[in-house]
Amino acid sequence: MSIKEHVLLSNDTAIKLLDVKRGSMLSGNALPNYCLPANVLLFVSRGHGRLFIDGTPYTISPFFVCHAGRSAVIDFGAITQPIEYIAIYYRAELMHLNRGEVAQHIDGSNLLQVQFGVSLAERMTLYQIVEQIEQKWSMRQGLEGFHANALLQGLLYELLKQLQTDGYQNPSEAVSTVIRHIDAHYNQDLRLNQMAELVHCSSRQLQRWFKQQEQIGPMEYVIKIRMNHAAQLLQHTAATVREIAESIGYRNMFYFSRAFKKYYGISPLSYRRAAVADKNLVIKHVKGELSLRQSPKRIVVLDVQYADQLITLNERPVGSVGIGGTVIGFPDYLQDKLGQTEVLGTYEQPNMGSISMLQPDLIVCTEAHEQHYGHLSRLAPTVMFQRNEDWRFILGIFGMITDKTEEANQILLEYCEKAARLSAELANTLRGQRVALIRPRDASIRVHTAAHRTGAVLYEDLGLSAPFFIEEASDTAYQISLDVLPEVNADHYFLLCNDMFKDWTTTVQHSTEWRSLSAVKQQCVYTVDSSVWIGSYGPTGINRILDEVAQYLLYS
């Protein structure tokens with residue numbers, strides 16, 4: 001049953017307290033596969049570790065509470081710090097079995113079997129109630145047992161109210177639950193509101209959490225899983241397109257074909273023919289499609305972010321453009337890894353002669369190289385991507401080009417896990433403090449939003465709170481004058497800087513407006529290299545941004 005259905009039955013539900021136990025568990029210990037004899041509320045007063053309820057993982061930290069129904073199987077995993085807890089066992093029964101349609105479909109002797117795990121919002125108040133229940137239960141004389149039972153009913157009310165209002169307090173666990181549900185039921189009718197109800201939150205809340213952790217929405221994840229299964233079936237079975245469509249949850253073959261083509265860029269039958277014909281790879285790009293019979297060995301890239309992509313996959317381009325003015329080179333964090341890679345001018349002015357001399361078998365460029373595309377295409381097969389295309393999508397393409405799809409998927413998984421861990425730490429430390437990403441440039445100041453690719457890392461991947469000034473912006477940045485800067489009113493500032501605008505940045509930092517900022521007075525301004533934070537948009541550079549965010553906001 002859903003939370004809503006439990007609430008409907010609450011007036012006719014009788015709560016019977018069965019036992020209250022205080023316990024502890026040392027680091028390294030575990031309680032594997034314990035089948036609960038009754039409904040249980042588990043309150044953790046201190047310690048850290050991992051808990052599984054019927055396979056669903058929860059992160060244990062101080063003032064964590066979880067609930068599970070009778071016959072649920074719990075398993076304490078790794079205990080990283082000794083845990084102290086109070087377990088309250090109880091039974092919930094329906095007093096009248098004529099409650100209507102809901103009552104007809106439930107076991108009236110075993111209610112409130114809802115499973116959840118949250119960090120308490122009103123943690124001290126609720127935890128004091130738990131201790132009071134324990135005290136009353138230990139006495140169990142006269143009215144004390146009755147009082148303990150009444151306190152438990154009030155506590156359940158407060159928890160269900162919080163759950164109904166706020167949903168899960170740990171977004172990563174909510175998302176993990178939904179992911180497991182999708183993976184197990186991808187071929188069924190899946191709806192966003194039903195998945196949100198599964199983790200007791202609103203559809204909008206689930207959408208936001210899911211995108212922060214997985215970089216796509218839950219319904220997009222459904223499509224991803226379905227398309228992955230469809231691709232496997234097209235490659236390795238002789239099933240018809242209709243049979244494949246129905247097996248992954250599409251009742252209309254033509255709708256499936258359109259969805260498949262939108263996702264992969266080619267129709268299901270074309271995908272199957274390509275897989276059969278020596279597994280030719282078809283790359284969809286700005287200029288159309290490029291078919292590759294084998295993985296290229298001599299790749300030239302005209303944007304440093306693509307060099308980053310290859311290095312992350314343990315590959316190395318034979319040539320790449322660099323960064324800089326009078327002295328052109330690679331970013332310091334890529335310099336050693338690029339080794340003997342030829343420097344081919346800059347992104348703005350690639351050296352066409354040097355490219356030709358390298359005799360590449362694939363060239364990767366962006367829409368900024370439109371004027372050179374004809375020449376480049378005559379030198380070698382050339383693909384053109386939008387420069388601001390999501391780095392995750394580009395990594396997937398480079399994974400296919402280099403025949404390292406599994407490695408690319410692993411890199412994405414590790415990034416998602418790293419971002420989720422850091423997001424949780426930042427939320428616990430900052431508690432809603434607002435973070436601005438600013439860049440003094442051209443006698444003004446750019447305040448970047450979540451629509452900017454680096455802003456997306458801060459505000460979407462890490463879930464940092466943007467200044468109210470830009471919170472609803474759809475453009476990549478607000479361009480403001482110096483006198484407006486105090487209106488940004490952030491608690492922390494990441495100041496993007498490079499040599500090109502160094503003088504203007506210095507002017508800003510010596511201004512009255514700058515010195516008036518509370519973040520400046522509190523030394524909460526962090527100067528970062530814009531060539532990395534904006535220019536080098538690849539997995540290595542993005543991970544470096546996460547590391548610098550952690551360094552400044554957690555460890556400074």
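The values are calculated or read from the model by the stated rules, or taken from the named source; none is laboratory data. Bear in mind that the values here come from a model prediction, so they are computed numbers and not experimental data. Positions of Cβ are generated from backbone atoms using ideal geometry, with glycine treated the same way; all protein chains shown enter the neighbour counts.
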- Enumeration of residues in region 419-446 that are free of Cβ contacts under 8 Å to residues at least 40 places away in the same chain and part of a helix (DSSP H, G or I): Arg421, Ala427, Asn428
- Query: List the pairs whose first member sits in region 38-50 and is in the same structural domain as Ala68 (by TED's automatic domain parsing) and in a strand (DSSP E or B), whose second member is surrounded by fewer than 22 Cβ atoms within 10 Å (Cβ to Cβ) and among the polar types (S, T, N, Q), and whose Cβ atoms are under 7 Å apart, counting only residues at least 6 apart or on separate chains?
  - Reply: Asn39/Gln113; Gly47/Gln81; His48/Ser61; His48/Thr80; His48/Gln81; Gly49/Thr80; Arg50/Thr59
- Query: Quick check: anything in region 126-135 farther than 16 Å from Ile15 by Cα and modelled with pLDDT under 70?
  - Reply: no
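Please work out which residue is farthest from Ile299 (Cα to Cα), limiting yourself to region 312-322 and to residues that are polar (S, T, N, Q) and not in a loop (DSSP other than H, G, I, E, B). Don't jump to the end; show me each part of the working.
We begin by selecting, within region 312-322, every residue polar (S, T, N, Q); these are 312, 314, 320.
Next, only the ones that are not in a loop (DSSP other than H, G, I, E, B) stay: 312, 320.
Values: Thr312: 15, Ser320: 9 Å.
If we take residues in region 312-322 being polar (S, T, N, Q) and not in a loop (DSSP other than H, G, I, E, B), then Thr312 is farthest from Ile299 (Cα to Cα).
Taking the stated definitions as given, is Leu313 under 26 Å from the mean Cα position of the chain (by Cα), modelled with pLDDT of 90 or more and closer than 18 Å to Trp391 by Cα? Give the steps one after another, and end with the answer.
Details: under 26 Å from the mean Cα position of the chain (by Cα): yes; modelled with pLDDT of 90 or more: yes; closer than 18 Å to Trp391 by Cα: yes.
When the stated conditions are applied, Leu313 passes them.
Would you tally the residues in region 228-237 being of a type in the set (A, V, I, L, M) and more than 15 Å from Met253 (Cβ to Cβ)?
1
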- Message: I need the full set of residues from region 412-424 which are over 25 Å from Thr476 (Cβ atoms) and touching a helix residue (DSSP H, G or I) at 6+ places or on another chain (Cβ under 8 Å), in order please.
- Response: Ala424
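Touching a residue at least 60 places away in the same chain (Cβ under 8 Å) and not assigned by TED's automatic domain parsing to the domain that holds Thr366: is that true of Ile480 in this structure? It would help to see each step written out before you state the result.
Values: touching a residue at least 60 places away in the same chain (Cβ under 8 Å): no; not assigned by TED's automatic domain parsing to the domain that holds Thr366: yes.
No: the conditions fail for Ile480.
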- Task: Being on the phi < 0 side of the Ramachandran plot, assigned by TED's automatic domain parsing to the domain that holds Glu425 and not in a helix (DSSP H, G or I) narrows it down to one of Ala490, Ala456, so name that one.
- Result: Ala490
- Task: Could you please tell me which pairs satisfy a Cβ distance under 8 Å, a separation of 6+ or placement on different chains, a first residue in region 128-155 that is of a type outside the set (Asp, Glu) and surrounded by fewer than 14 Cβ atoms within 10 Å (Cβ to Cβ), and a second residue that is at pLDDT 85 or above and not in a helix (DSSP H, G or I)?
- Result: Ser138/Val20
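Out of Leu302, Leu334, report the one residue that is touching a Phe, Trp or Tyr at 6+ places or on another chain (Cβ under 7 Å) and in contact (Cβ under 8 Å) with a residue 24 or more places away in the chain. Can you show your working first?
Numbers: Leu334 fails: touching a Phe, Trp or Tyr at 6+ places or on another chain (Cβ under 7 Å).
Just a single option satisfies the conditions, and that option is Leu302.
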- Please list, ordered by first then second residue, the pairs with beta carbon atoms under 9 Å, 6 or more apart or interchain, first in region 205-218 and charged (D, E, K, R), second crowded, with 20+ Cβ neighbours inside 10 Å and assigned to a helix (DSSP H, G or I). Arg208/Pro171; Lys211/Pro218; Glu214/Val175; Glu214/Tyr221
- Query: Say we look at region 508-521 and pick out the residues that are of a type in the set (S, T, N, Q) and without any contact (Cβ under 8 Å) to a residue 24 or more places away in the chain; which of these is farthest from Ile323 (Cα to Cα)?
  - Reply: Thr512
- Query: Only one of (1) at pLDDT below 70; (2) farther than 26 Å from Gly23 by Cα; (3) touching a strand residue (DSSP E or B) at 6+ places or on another chain (Cβ under 6 Å) is not met by Ser119, so which one is it?
  - Reply: (2)
